[in-house]
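This report concerns only the one structure given below.
Here, each number is a calculation from the coordinates, and none is a lab measurement. What you are looking at is a predicted structure, and each value in this text was computed from that prediction instead of being measured. No Cβ is skipped: glycine too gets one built from the backbone with ideal geometry, and neighbour counts run over all protein chains shown.
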Amino acid sequence: MIFLISIILLVCVMVGVAFLTLLERKVLGYIHIRKGPNKVGFIGILQPFSDAISLFTSEQTFPLTSNYISYYFAPVFSLFLSLMIWMIMPYMSGLYSFELGLLFFLGCTSLGVYTVMVAGWSSNSNYSLLGGLRAVAQTISYEVSLALILLSFIILTGSYSLTDFGEFQLWLWLMFLTFPLSLVWFASCLAETNRTPFDFAEGESELVSGFNVEYSSGGFALIFLAEYASILFMSMLFCVLFLGGNVDSFLFYLKLSLISFMFIWVRGTMPRFRYDKLMYLAWSSFLPLSLNYLLFFLGFKVMLFSFLV
């Protein structure tokens, strides 16, 4: 039964990813005041399926000098990891909602770095290698602040399970208590998923297309799906951590759609950052802030215990 529910969840995620691409095209079209390639079928409903068919049926090419096995399997593992993280979604029915869900999330996102690095290296192209190295440095930098913010909330709630966050925010959302932290989390999520303005791994103005420059057809489609599945997951996690985590309500999915829309809004509005400023932001701004909040929550918890005792 659990296996069947997992398959249904993954199918729903893939359908969500398909329609997130349609939403992106629509929103970017309105932001840029232009028409986009989003008109297949009634109000563009068939556009994602048209994209999928065109991607998976186009010719599969690979560089002759590439390390073929790692080149071939890197996108597959990337998508596998992006879908694996969804297993910690805090359903009231249980599913895989185990006690150490947040540690599992951190482990999976850390492994995601390797898929980008291997994809960039195994293509045997200077551009893709540079894109891969940039992505690795960026992801590792922002994972530090993500982990520290998570640690703050783990200290506050006393649990690694995402289900407990929903119960903890029954009367008050954590976003009202920790508004600066929610902004830092959102910016770190943008950097973690290689989205604008932090899309240095795919900087077409200087690296042709970044780490995926040698990928075409199915390989590119898998990398694309993995990125959008990560965006959806990060939106879901934002809602669970900051906006009350009751997954069984319709309002939750409305909030999830709003956060996903914000990812696209940022892409349509912001220019790309400079690389040194990206690193400065991670280590000189976000790290001290998240450390300060961590110490604040520790002090708060100690003070609370001393009052109770």
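First check a/c for region 144-273, with a ≥ b ≥ c the square roots of the eigenvalues of its C-alpha gyration tensor; if it is under 1.5, answer rounded, and if not, answer prolate when a/b is larger than b/c or oblate otherwise. It would help to have the intermediate numbers written out before the result.
Values: a/c = 2.22, a/b = 1.95, b/c = 1.14.
In terms of gyration-tensor shape, prolate.
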Revision key, fill the gap. Karplus ³J(HN,Hα) for region 246-255 (6.51 cos²θ - 1.76 cosθ + 1.60, θ = phi - 60°; Hz, whole; x = Gly/Pro) runs 7, 5, 7, 9, 5, 4, 4, 6, 5, 5
Point to revise | Hull shadow area, averaged, region 2-308 [alpha-carbon convex hull, nm²] | key: 17.0
**Study point:** Residue with peak Gaussian network fluctuation, the chain [Cα springs, cutoff 10 Å], from M84, M270, M279
**Key:** M270
Check your understanding: What's the center-to-center distance, using Cα atoms, between region 222-245 and region 95-167 in Å?
Key -> 12
Study note, to complete from the structure: Relative to the chain, whose Cα atoms define the longest principal axis, helix 217-242 and its Cα axis are tilted in degrees, nearest 10, by 20
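Could you give the size of the charge dipole of the chain about its Cα centre, using +1 on the Cβ of each K and R and -1 on the Cβ of each D and E, expressed in debye and rounded to the nearest 20? Provide the component values of the computation, followed by the final result.
Working: 13 positive and 16 negative charges, 136 e Å.
It works out to roughly 660 debye.
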Review point. Past the 31 Å Cα-Cα mark, which pairs from K277/K301; K39/K255; K35/K255?
Key: K277/K301
Review point. Name the chymotrypsin sites (Phe, Trp or Tyr not before Pro) in region 143-225 that are in a loop by DSSP and that have at most 14 other C-beta atoms within 10 Å, would you?
Key: W171
Check your understanding: Order of L258, L232 from fewest to most other C-beta atoms within 10 Å?
Key -> L258, L232
